[in-house]
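All remarks here apply to the structure that follows.
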Amino acid sequence: MPKLPRITGKELIRALQKEGFEVARQKGSHVQVRKFVKDEKITFPVPIHTSKILKQGTLKGILRKAGISIDHLSNLLKR
């Protein structure tokens with residue numbers, strides 16, 4: 001299994017937008033992203049603290065909710 005990339009919240013949001021997620025709203029240092037899939041809404045927060053690297057557990061949880069594998073995230077980050 002590939003290693004989890006060390007990225008910031010802003011980098012993650014850019015990758016999620018390439019996957020079809022949109023920024024729903026922002027309150028403070030957290031951005032709500034969402035995507036509609038087969039009449040189902042997927043929504044979750046992404047922390048965007050100033051240039052801080054996301055913790056591994058936080059990133060894993062976001063990827064699980066988004067339905068994105070680590071390999072696919074790496075490909076999105078390279079584009």
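Nothing in this text is a laboratory measurement; each read-out follows from the coordinates by a stated rule. Please read all numbers here as calculations on a predicted model, not as lab measurements. Neighbour counts are summed over all protein chains in view; Cβ atoms, including those assigned to glycine, are modelled from backbone coordinates with ideal geometry.
Have a look at Gly67, Gly28, Gly57 and point out the one that is without any contact (Cβ under 8 Å) to a residue 24 or more places away in the chain and on the phi > 0 side of the Ramachandran plot. Talk me through it step by step, then tell me what you get.
On the way: Gly67 fails: without any contact (Cβ under 8 Å) to a residue 24 or more places away in the chain; Gly57 fails: on the phi > 0 side of the Ramachandran plot.
Every option except Gly28 fails the conditions.
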Hey, can you tell me all the residues within the stretch 35-50 that are farther than 17 Å from Ile7 by Cα and either in contact with a His (Cβ under 9 Å, 6 or more places away or on another chain) or crowded, with 16+ Cβ neighbours inside 10 Å (or both)? Lys35, Phe44
I need a count of the residues in the stretch 11-34 that are surrounded by 14 or more Cβ atoms within 10 Å (Cβ to Cβ) and part of a loop (DSSP other than H, G, I, E, B). 2
